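The values are calculated or read from the model by the stated rules, or taken from the named source; none is laboratory data. These numbers come from a predicted model, not from an experiment. Please note: Cβ atoms are built from the backbone with ideal geometry, for glycine as well, and neighbour counts cover all protein chains shown.
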Amino acid sequence: MNESTIWIGEEDLVRNPDFIAANNSELNPVSLESILEDEKSGMVESNRRDFLKLLGFGIGAATLASCEIPVKKAIPYVIKPDTIVPGIANYYASSYVNGGDYCSILVKTREGRPIKIEGNALSSITKGGTNARVQASVLSLYDYNRIKFPSKLNQSQIAEVSWNDLDNELKSSFAASKNIRIVSSTQMSPTALQAVAEFCTKYPGSKHIMYDGVSSSALLDAGLQCFGERMIPEFRFDLAETIVSFNADFLGTWISPIEYASLYAKGRKIKADAPKMSQHTQVESHMSLTGSNADNRILVKPSEQSAAIAFLYNEVASKLGAATIPVIELNEKAKAAFKKLAERLVNQKSKSLIVCGNNNIGEQVLCYGLNNLLGNLGTTIAFNNVSYQRKGSDADVNQLLSDMKASIVDAIIFWNSNPCFDLPIASDFAQALANVKTRVSLNATIDETSALCNYLAPDHHVLESWGDVEAKKGLLSLIQPTINPIFNTRASGHSFLSWASSPNLNSAAEQPYYEYLKNQWERKVYAASGATGGFQDFWDECLHNGVFTIVNSTTTPLFKGDVSGATSKLGKPSGSALEISFIETVGIGSGNYANNPWLQEMPDPVTRCAWGNYLMVPISFDGDRKFIAFNNVKENGELIDLTIAGTKSSVGAVKQFGQMPGTVAIAIGYGRSIAGDCGTGVGTNFYPACKLVDGYFQYFNSEVEISQSSGTVEKHFACVQHHHTLGVTAIEKSSGQKFNADEAALVDDAFKGIAKGFQGSLTDRSVLRHSHLNEIKENIEKLKEERAEFQKLNSHTLYPGHEYTYNTGHHWGMHVDLNACIGCGTCTVACMAENNVPVVGKKEIARHHEMSWLRIDRYYYGDVDNPNVVYQPMMCQHCNNAPCENVCPVNATNHSSEGLNQMAYNRCVGTRYCANNCPYKVRRFNWYDFTTADLFPVNQFNVAGEKNQPFYSDNLVRMVLNPDVTVRSRGVIEKCSFCVQRIQEGKLSAKKESRTLNDNDVKTACQTACPTEAITFGDMNNKEGTLFKKIENPLNYIVLEEVNVKSVVHYTMKVNNRDENLDA
Amino acid sequence: MSYKGIFGTILFVFISIGALISAPDIEVGKSSFKNNCASCHNKNMKDPLTGPALGGSVERWAAFPKADLHNWVRNSQALIKAGHPRATELWNQFKPTVMTAFPNLSDDEIESIFLYVDGVYKGTYGPKPVAAVGGTQAPQDQQSGLSFWIYLIFILLVGLALFLWNLMSDLAYQMKLKAGDTTAKKQSVWQLMTSKTVISFVIFALVLFGGYTTVNNAISLGRQQNYQPDQPIKFSHETHAGLNKIDCNYCHDGARRSKQSLIPATNTCMNCHAAIKKGSQYGTAEITKIYASIGYNPSTDKYIDNYNNLTEDEIAAIYKKWIATTFAKDNNLREGAESAIRESDNQWEGIKNSLTSDTKSTIPGPIEWKRIHNLPDHVYFNHSQHVTIGKLACQTCHGKIENMPVVKQYAPLSMGWCINCHRQTDVKFTDNKYYDSYKTYHDELKAGTRQSVKVSDIGGLECQKCHY
C-alpha cells in the first residue's frame, strides 16, 4: 500500500470506482435526480428562460396595472333584508349532525355565508363546546366534490334529471318493489324518522336499517338486555371519583366526546388550595387520546379485554359477596393491577364509573353488571336523558347482506351511509348490491357506495337544511339553514315524503320540508312542552335558542342483565404473539370526514401524524440508553409489511410509547378509494381486516404477521412530532452531562437515561411542569422558588427606564389549564377556520412547512414502558420582551400598547430572522402562495394533487375565508395574533354601548372552541375578570420564563393522580 | 363695469330702498333664495345650472328700470311676450326652459334675494373661503421662495464650478507649456463634458433622481384621489344631501353600525321615489332606472308581479309608456305624440345601458355602481368606529359631498393620510365609559398635565389596529 495515501473511510482505501466517480462530481447525481423528481409534483417547473419570461410578464403587467386601475363595482341589494347588515356577522343557532356525531352550534354568517362554527352554550349536552369535526364541517359545505344536482348514474356516467322526473321514476320503481331497504347511519331526527315511517307505510315492504361505521351495537343491545331500552345511559364523568374505561375513547371518538370531555374536565381541574381530582384508569393496548389523559393505563391485549372485565367483575363480586363468573386467563401484571383497582372501587361505592368501548355484548353486560354491583346505577350512570347518539345494529346490516345475496331486496336507499366502505363486510356488500335493481343514494358526495347506485338524490349539507335532533331523550335541538342551498339538492326527509306521496307534505310551499317540520313540532313537541303561549312564539324561541328540553323524570330501571349468560359471549384470549387493534381517529372517524383537508391536516393527537394512517408499534427500553423498537423499526415512517389473515399491505410504522408489547394498532377510515380530491387514496383501508364475531363487528385481529422494517421511510411521511420543538435539554445519567434533546431529535433519544426522568420540569428548561396530586404542595413551593430566581435574574436590564408597564388600557393575556386540556385538537382546527390558515398538504408538512398558528405539543413523562402524557397548546406567547421583534430588519413585527406582538404582513420581506429567533417556534413562513393571495399565479400550490389549481383558488372553497382577516401571500411570516380581529370587534361593541370591556366581549377562537374550557383569554388589567383570577393560581408557570422574554401566556402545572399501587 | 361701479350700484339700491321702507335683509334673501331659486340657479352664483348664474344680474339689468327685473322674476313669460329686449335675449339663450313664475314675491323680497346673490357672488357674505385659500397659499409662497433660493444657489455653484474648471485647465495648460509640451492644448468644454468625472456624476445624478421619482410614484401607485367616474344613475349628492338635506346615515345606514357604510339598496331609494317620480334635472330619465331595477310601475303606483320573469320587451313597454305619457303631459302634447315616443325610446336606451353590463344581462336586479373609495384588502377600516364613536363628520374624509353633483374621491386614502389624522384627532375620551380603563390618562387630564388624548395615544398608530 502506498504510504502517502490519505483516506477518510474504507471506500477510499479500496478505491471503489463508483465512489470515486461520485465524489468527483460536485453534486451527488442520485440525490439530485431524486430532488428534481420530487420537485415536479405540485409545483411549476421553471428554468432560467421561464424566469425571464415571468420577469418580463411581471414588469409588463405591473406597468399596465399602474396605468389604469381596474373599475371596481359596488353592488347593493335590490331589497335589503333588514336582518342583514353587510360587515356585521349574524349568528344562528343550529345543530351539527353527521350520523351519530352531534353538537349544538351557533353558525357565524357574514353577508349570507357561513364562515365559522361556535358552540351553543345553551345546550345542556355540549355546553358550548365543539370538536374538530364540528369546526371543520363548515369547510365541507363548500366542498366542490359535492353532487350538484339530482341525477341518474349509469356506468359512472352522470346524467342530470329534474327532481320531478326522478321522483316519478323512483315512485314507479318503489311501487313495483316488494322489499325496499333504507340504509342509514344513526339518525336522530324525529321528523326525518317520521318521514321515513310515512315512506314505510306507503311501501309496506320497506325497512329502515341503521348501522354505525364504528359500531356500538353491543353496547346498545346490552342496554336493551339490562334496562329494557336500546339506548345509552348518561355517563356522569363529573360525579365519578374513579373512572375505569375498557378501551372506550370517550374523550376522542366514543359516543358523545364533546359532552364527556366537558364532564370529565370538571373532575380533573385542580384548585391549588384544595387539590382534588378524579382518578382515571384506562384499560387498553394502544395509546388512545383518552388513554393518554388517564392517570393509569392497564395494558391488556385486545383479545384479553373480555378476560380483563371478567377478572375485575370477579374481584369486585367476591369482595361484595356477589356471585362470581368462570375465570378466563389474563396476564399477571394486569391481574395484580385489577386486584388493587377492585379494592379502590369497592371503597368508593356509587362514586365510580366503568365504561366499555368494545363491541362485545358479554363485556358490555358485565360492565353494566359491574356498575350495578358498585351501586353506580342512578348516580354516575343516570337514565333521565338517555342518549340516542348511536342506534346502529350489526345484526340488521348482516341480515341485509344475506337478503341482498338472496336477491330478495328490490330497492335500496342509502342515506348518509357508505356501507361499501365503512363495514368490515364492505366488499361482500358491494358485490351483493348488484343484485338490487333500484339503488338510490342520498349521500352528498360520490363515494364508494354512491358510485354503485343508479339514482343520486343528493341531500343538503347540514348548514343548508331544516331539521331537528333528539340526541338525548327529551333534549331536542333544531337545525336551521344558514345559507340557501348552494347546489340543486333536497332535504332527505323531503325526498322520502315526496316518494311516499305524503299528504302531509305541501309541495307547493316555498320550503315544503320546513312546513312539515314545523307541523311535526306543533303536534308533538309543542303539545308536550306545556308552553302557555302560542305555537309561533314557542317556535321562535326554540329556533332562537337552538335547543328545547322536554322535562321528563324516569326512575332508574332495575338491572335485568344476565351476567352468567354473558360469560358465554366473552372472547377468549387468542394466545397469539401479536395482535392488531383497529381504532378510530379524532379527525377522520369512520372515513366520512376523509375529504375534509382541515381534518386531514390536523395531526393525530397521539402519533402526531397527518394525512395518513400509520401502524403504531411498541418500543422497549433497556433501562439505561437503548431503545429497541418493534421489528427493527429505526425511524418513524419506515415501511413495514403487514399481513392480516392472508392479506398483505405495506404501511408506515410509528414507534409509540405506551403501546403494549405484542400488540400493534392502526386507524380505520383511511384508504378511501372514492372520496373526492382530498380524501381519495390517503392512507390504507383496514376495514376488511376487521372480523365478524358472534354477530358483532370486532375491531381487532389476532391473525397478524408483520415483516422486519424495510428501512425505507414512506415518501412525504408527515409527522410533526419533532417539528418546532422548544430546545429541550436533558441530563445523561451515566456522565451527568447535559445534552440537547432536540438535536438528538428522536423521542427515544430524549429518553436516553435521563437522570431524573423525562422532559419538563425535570430538565433545566421550564417547558413543562408536572406534579403528582399528593406532591402538589411541595411542587408549588419549588415552583415559587424557581420563579423567584428567574425573576431576580430577569430584573437586570441593559435599558433601565425603558420598562413597558401596560398599566393603562388593556394588557391582553392568556391562561391555559393543562389539567383541562385533553389534546383533542379542536382549537387547532378552530384557529385554521378563524384565521384563514392555509392547508399545505402532506408533502409540505413533511418538509416542516405546516402553517398552523396553534399546535398542541405532546410530551411523555414518567414510566418509559407506560408513560403519562401532557398536551401543551403552543401559540405565540406575545412576549413583552419579544426576541422576534428586535431582529426584524423592517420592523414588520413589533409590540402594541396593549401587549400584542403584532405582525404586519405587508411590511414583511421574508427574512425569517424572527422565526429563527423565536424560542417557542410559533412563527410560520408562507413558502408558497397557499391561499392564492398573489396577483400573478406564480408558484401557486395544489394540495389535492389531482387538480391543476390550488385548493384555495376555487371560488367555492374561498367562501369559507374570514373577510376580516387578511389572506397572506407568499414570502411572509405569520403567527397567532390572539385573534386581534375579535379583540377589535369586542372593543368596538363596548365603545358603542359606552361601557367598559368585559370578559364576554373578547374570546379567541381557540377559547370558544374548547370543550373543556382549558383556554381563557382576557385583559390582565381587568382585576375583576376571569383571567386575572386564573393567573393568580400558584400552579401557574410561564414556559421558558428563565430566558426573560416575558411571555403573557400562563400554563398551569400538569397534575396527575397516578395510583402507584396499580403499577406494582 | 368697474368694482367701484358695482359697489356704487349696490350702495345706491341699498340706500334708496332703505330710505323708502325697511332695509332689505340679506338673511331673508338667503332663505328666499334657498326656497325659490336654488333648484334652478347655482348656489355659487357663478356657473349656470338649469337657469343662468345670478351673480351680476343686477348689473346686467342696470340699463332698465328696477321694476323690469322685479317683473321678470314675478313672471318672465309676460315680459318676453311684451318684447322686453333683455328678456328676449335671455329667452333666446335658455329656451325652451321656462322660468317658474313667482307672483307672490314682494319687491322687498326680490331685493333681499339679489342682495344675498351679490354677497355670495363677491364673496362678501358667508364664511370667507379666504382663510382656507390663504392657509394653503402661504406654504406655497414659502415653497416657491425656498426653491428660488435653491435654484439660485445651484446656479451659483454651477457657475463657480465652471469658473474653477476654467482656472484649473488654464493652470494645467500653462504648466504643460512651461514643462515644454508644445503640443499641449487647453481643455475644451466638449472635453470637459465627455470626461469620466462629469459622465459618472451625471449618471449618478440621474440614477438618484430616477430612483427618487420611481419610489415616489410607486408609493402612490393604485391611489385614486379625485377619481370621479360616471355612475349608472346620474345621482346627485348635491340635490339629495345638499338641497334636500337628507341625512347621510339615512341612505348609508351601515356607517353608524358597521364596517361598511353601504351603498343603499334600491328599496331605500323607493322610500322617497315612490312619490317623487320626476327629477329636477333629468325628469324621468334617471328615476325610472330605480323603478326598472326593482320592478315598480310608476303609472299604476304598484310593484309589478313576477317582475324577474318578464321579458325585456314587456319591461320596456311598461317604462316607455310612463316616460312618454309624462313627457306628453309636461309639454302639453297629445297622448302618443311622436316626439314623446322618440323621447321614451331615447330614455329607455339610457336606462337599459345603465342597468345591464357584461356581468348582468337582465334589467331587473341591483344597480351596479362604480366603486370610488377602494382600500386594499389588507386594510381594515370600520365606519362605525369613526362615525358613531369618533363622531367624525362624513365630510372629514369624503369632502363636501353635499356640493358634489358627481361624487369624487376627496381624500388620498393613503396610510400617511390616515396616520396624520390619528395623530391630530382628539379621542372623545370623557364621554365614553369604555375609556375608563385608561386610568393614567384620566388622572393626567384631571391634574392638568395632559390637555387631550389623541388617537395615537391609545394605540392609533399601531400596525394591528388596521392590518390583521
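A few remarks follow.
- Count of the range B:376-385 residues which are surrounded by fewer than 19 Cβ atoms within 10 Å (Cβ to Cβ) and more than 7 Å from chain A (Cβ to nearest Cβ): 3
- The number of residues in the range A:677-715 being of a type outside the set (S, T, Y), under 19 Å from A:I425 (Cβ atoms), touching a helix residue (DSSP H, G or I) at 6+ places or on another chain (Cβ under 8 Å) and in a strand (DSSP E or B) comes to 4.
- With respect to the stated conditions, B:Q228 is in contact (Cβ under 8 Å) with a residue 12 or more places away in the chain and within 28 Å of B:F381 (Cβ to Cβ).
- Looking only at the range B:262-292, and only at residues there that are over 18 Å from B:I363 (Cα atoms), assigned to a helix (DSSP H, G or I) and more than 9 Å from chain A (Cβ to nearest Cβ), the one that is farthest from the chain's Cα centre (by Cα): B:N271
Matching residues to (1) more than 12 Å from chain B (Cβ to nearest Cβ); (2) assigned to a strand (DSSP E or B); (3) surrounded by fewer than 19 Cβ atoms within 10 Å (Cβ to Cβ):
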| residue | (1), (2), (3) |
| --- | --- |
| A:S989 | no, no, yes |
| A:L997 | no, no, no |
| A:K1003 | yes, no, no |
| A:C1006 | yes, no, no |
| A:F1017 | yes, yes, no |
| A:N1021 | no, no, no |
| A:K1029 | yes, no, yes |
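- Residue match in the range A:686-699 (condition: aliphatic (A, V, I, L, M) and over 30 Å from A:D221 (Cα atoms)): no
- Yes/no for B:T136 being modelled with pLDDT of 65 or more and either among the β-branched types (V, I, T) or not in a helix (DSSP H, G or I) (or both): no
- Failed criterion for A:T242 (all others in (1) surrounded by 24 or more Cβ atoms within 10 Å (Cβ to Cβ); (2) in contact (Cβ under 8 Å) with a residue 60 or more places away in the chain hold): (1)
- Options B:K408, B:K400: the member that is out of contact with any Ser or Thr (no Cβ under 9 Å at 6 or more places or on another chain), away from every other protein chain (no Cβ under 11 Å), surrounded by fewer than 14 Cβ atoms within 10 Å (Cβ to Cβ) and modelled with pLDDT of 90 or more: B:K400
- For A:V183, the requirement of being more than 30 Å from A:T663 (Cβ to Cβ) and in contact (Cβ under 8 Å) with a residue 60 or more places away in the chain is met.
For (1) small (G, A, S); (2) under 28 Å from A:F978 (Cα atoms), each residue gets a yes or a no:
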{"site": "A:S771", "(1), (2)": "yes, no"}
{"site": "A:E775", "(1), (2)": "no, no"}
{"site": "A:E785", "(1), (2)": "no, no"}
{"site": "A:L793", "(1), (2)": "no, no"}
{"site": "A:P800", "(1), (2)": "no, no"}
{"site": "A:M814", "(1), (2)": "no, yes"}
{"site": "A:L818", "(1), (2)": "no, yes"}
{"site": "A:G823", "(1), (2)": "yes, yes"}
{"site": "A:T826", "(1), (2)": "no, yes"}
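- The residue that is farthest from A:Y920 (Cα to Cα), among those in the range A:1031-1057 that are assigned to a strand (DSSP E or B) and not polar (S, T, N, Q), is A:V1055.
- Selection within the range A:91-116 - more than 19 Å from A:E470 (Cα to Cα) and in contact with a Cys (Cβ under 8 Å, 6 or more places away or on another chain): none
- Scan of the range A:331-348 for residues that are under 9 Å from A:L1062 (Cβ atoms) and surrounded by 22 or more Cβ atoms within 10 Å (Cβ to Cβ), ordered by number: A:A337, A:F338, A:L341
- Counted residues, the range A:962-979 - those being within 11 Å of chain B (Cβ to nearest Cβ) and either more than 25 Å from the chain's Cα centre (by Cα) or part of a loop (DSSP other than H, G, I, E, B) (or both): 12
- Test set (1) in a helix (DSSP H, G or I); (2) closer than 18 Å to A:L401 by Cβ - A:A218 fails condition number: (2)
- Scanning the range B:229-244 for residues that are more than 10 Å from chain A (Cβ to nearest Cβ) and in contact with an Asp or Glu (Cβ under 8 Å, 6 or more places away or on another chain) yields a count of 7.
- Filter pass, A:I325 being at pLDDT 95 or above and aliphatic (A, V, I, L, M): no
- Just one of the listed residues (B:Q187, B:Q191, B:Q224) is out of contact with any Asp or Glu (no Cβ under 7 Å at 6 or more places or on another chain), within 14 Å of chain A (Cβ to nearest Cβ) and polar (S, T, N, Q), and it is B:Q224.
- Taken together, the residues in the range A:802-845 that are in a strand (DSSP E or B) and within 14 Å of chain B (Cβ to nearest Cβ) amount to 1.
- Among all positions in the range A:880-889, there is no residue which is without any contact (Cβ under 8 Å) to a residue 12 or more places away in the chain and within 12 Å of chain B (Cβ to nearest Cβ).
- Close pairs (9 angstrom Cβ cut-off, 6 or more residues apart or separate chains): under 20 Å from A:G392 (Cβ atoms) and more than 14 Å from every other protein chain (Cβ to nearest Cβ) in the range A:79-108, buried (at least 18 other Cβ atoms within 10 Å of the Cβ) and of a type in the set (K, R) anywhere: A:Y96/A:R133; A:N98/A:R133; A:G99/A:R390; A:G100/A:R390; A:G100/A:K391; A:D101/A:R133; A:Y102/A:K472; A:C103/A:R133
- Within the range A:84-119, the set of residues being buried (at least 24 other Cβ atoms within 10 Å of the Cβ) and at positive phi comprises A:G99 only.
- Cross-chain or 6+ apart pairs with Cβ under 9 Å, the range A:672-699 first and under 18 Å from A:T449 (Cβ atoms) and basic (K, R), then surrounded by fewer than 19 Cβ atoms within 10 Å (Cβ to Cβ) and at pLDDT below 95: A:R672/A:T680; A:R672/A:G681
Rundown of residues vs (1) part of a helix (DSSP H, G or I); (2) under 29 Å from the mean Cα position of the chain (by Cα); (3) within 14 Å of chain A (Cβ to nearest Cβ); (4) more than 16 Å from B:T266 (Cβ to Cβ), yes/no style:
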site	(1), (2), (3), (4)
B:K321	yes, no, no, yes
B:T325	yes, no, no, yes
B:L333	no, no, no, yes
B:G336	no, no, no, yes
B:I341	yes, no, no, yes
B:P364	no, no, yes, no
B:N374	no, yes, yes, yes
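- Every residue from the range B:293-315 that is part of a helix (DSSP H, G or I) and without any contact (Cβ under 8 Å) to a residue 24 or more places away in the chain: B:N309, B:D313, B:E314
- Subset of the range B:39-79 that is in a loop (DSSP other than H, G, I, E, B) and of a type in the set (F, W, Y) - its residue that is nearest to B:G279 (Cα to Cα): B:W61
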